[in-house]
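The next block holds one structure in the form of structure tokens; read it before the comments.
Just so it is clear, none of the values below were taken in a lab; they were calculated from the coordinates. Quantities reported herein were computed from a predicted structural model and do not represent experimental measurements. Here the Cβ positions follow ideal geometry from the backbone for every residue, glycine too, while neighbour counts run over all protein chains shown.
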């Protein structure tokens, strides 16, 4: 084996200042913990077809028609334990699916 040559090169000094990302994170506005928990729980909410029709979250006029569309897999929904339910995520996905872009003038 050959001997390693001694390093004559000086090493770069490490930064003592904070990086831009770390400084921006520390200066960020404190977010309320309750608001974060509420946002997480909002995705766990499940609505029945009757609630969705009553509050006009989807463009269907009766719960029966909405259920039949779900049975045929034409509408985004969840099949929780054999019951048809809707989450905010499935409502958003259905709105995105049925979005009609306006014609350019």
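Assorted remarks:
- By other beta-carbon atoms within 10 Å, ranking 84, 36 with the fewest at the front produces 36, 84.
- Which of 33, 57 has the fewest Cβ neighbours within 10 Å, and the rest in rising order: 33, 57
- For the pair residue 39 and residue 104, the difference between a 0.36 nm per residue extended length and the Cα-Cα distance amounts to 19.8 nm.
- Going from the residue with the fewest nearby Cβ atoms within 10 Å to the one with the most, 71, 60 rank 71, 60.
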